[in-house]
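J.: Pasting a structure below so you can have a look.
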Amino acid sequence: MFENLQPAPADKILALIGLYRADPRPDKVDLGVGVYKDREGKTPVMRAVREAEKRLLQGQDTKTYLGLAGDTAFNAAMARLVFGPTADMTRIRAAQAPGGSGALRLVAELLKRTRSDATVWLSDPTWPNHMPVMRAAGLQIREYPYFDAASGAVRFDDMLNALRAANPGDVVLLHGCCHNPTGANLDISQWAAVADLVV
């Protein structure tokens, strides 16, 4: 079975790891793949994380499976944190997933089963795996302009104009913070305008 498997195309972002390792400069810092690494290439565990892990361990009363949604109390707390205490929680569903790409794939499969005719709108640029994950689920994709590299600014008016072409039932993938890969975020008034348009 595996002898017929072709290698996947190289991920340009993950290729930075090799470039980093080959860089002889002693003062380099690896911030390429979402985690901080020290000079020895180790990712230190922060004191706050160690303390949180201790509290979780002390509070555990079972090691049984959590179920398909994961820790439902955690999910409810995260939903309140993200959407605010006044949000109608009957309209919100949350589930834990194995990382960002795993979550995206789960959403793609859910969309394929429930809204197979919907178009998924992705920012241009977006993280390199977003488009392949959506395509692997058989979804239709369109892009909306997001970032102008020359000015370093969000192309907000162009973004809104493009999203006005979305049909009811289409899905817009938005990066809630630290847009990947640009790091350029919308401000509060821009988020409000996007919400008015897509909700």
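J.: If you go through the stretch 140-172 one residue at a time, how many are modelled with pLDDT of 95 or more, within 12 Å of residue 124 (Cα to Cα) and assigned to a loop (DSSP other than H, G, I, E, B)?
T.: Counting residues in the stretch 140-172 that are modelled with pLDDT of 95 or more, within 12 Å of residue 124 (Cα to Cα) and assigned to a loop (DSSP other than H, G, I, E, B) gives 2.
J.: For the stretch 173-195, does any single residue satisfy the condition of being acidic (Asp, Glu) and either farther than 22 Å from residue 82 by Cβ or crowded, with 17+ Cβ neighbours inside 10 Å (or both)? Write out each step before concluding.
T.: Initially, the stretch 173-195 is screened for residues acidic (Asp, Glu), giving 187.
After this cut, where a residue has to be either farther than 22 Å from residue 82 by Cβ or crowded, with 17+ Cβ neighbours inside 10 Å (or both) as well, the list is none.
No; the residues of the stretch 173-195 include none that is acidic (Asp, Glu) and either farther than 22 Å from residue 82 by Cβ or crowded, with 17+ Cβ neighbours inside 10 Å (or both).
J.: Quick test for you: out of 80, 105, 155, 164, pick the one residue that is among the basic types (Lys, Arg), under 19 Å from residue 191 (Cα atoms) and crowded, with 16+ Cβ neighbours inside 10 Å.
T.: Working: 80 fails: crowded, with 16+ Cβ neighbours inside 10 Å; 105 fails: under 19 Å from residue 191 (Cα atoms); 164 fails: crowded, with 16+ Cβ neighbours inside 10 Å.
Only one candidate qualifies: 155.
J.: Also: Among 59, 70, which is among the small types (Gly, Ala, Ser), over 16 Å from residue 171 (Cβ atoms), loosely packed, with under 10 Cβ neighbours inside 10 Å and not assigned by TED's automatic domain parsing to the domain that holds residue 176? So that I can check it myself, show each step before the final result.
T.: Values: 70 fails: loosely packed, with under 10 Cβ neighbours inside 10 Å.
Just a single option satisfies the conditions, and that option is 59.
J.: Being out of contact with any Leu (no Cβ under 9 Å at 6 or more places or on another chain) and either surrounded by 15 or more Cβ atoms within 10 Å (Cβ to Cβ) or closer than 18 Å to residue 171 by Cβ (or both) is the filter here, so list the residues in the stretch 84-101 that pass it.
T.: Scanning the stretch 84-101 gives 91, 92, 93, 94, 100, 101.
J.: What number of residues within the stretch 1-60 are out of contact with any Lys or Arg (no Cβ under 6 Å at 6 or more places or on another chain), among the hydroxyl-bearing types (Ser, Thr, Tyr) and closer than 19 Å to residue 178 by Cβ?
T.: Applying the first criterion (out of contact with any Lys or Arg (no Cβ under 6 Å at 6 or more places or on another chain)) to the stretch 1-60 yields 1-29, 31-42, 44-60.
Among the residues that remain, those that are also among the hydroxyl-bearing types (Ser, Thr, Tyr) are: 20, 36.
Adding the requirement that they be closer than 19 Å to residue 178 by Cβ leaves 36.
Of the residues in that region, 1 qualify.
J.: Scan (1) closer than 25 Å to residue 102 by Cβ; (2) in a loop (DSSP other than H, G, I, E, B) for the single condition residue 16 breaks and write down its number.
T.: Just one mismatch for residue 16, condition (2).
The values are calculated or read from the model by the stated rules, or taken from the named source; none is laboratory data. This one's a predicted model, so the numbers in the text were calculated from it and none came from an experiment. Backbone-built Cβ (ideal geometry, glycine too); neighbour counts: all protein chains shown.
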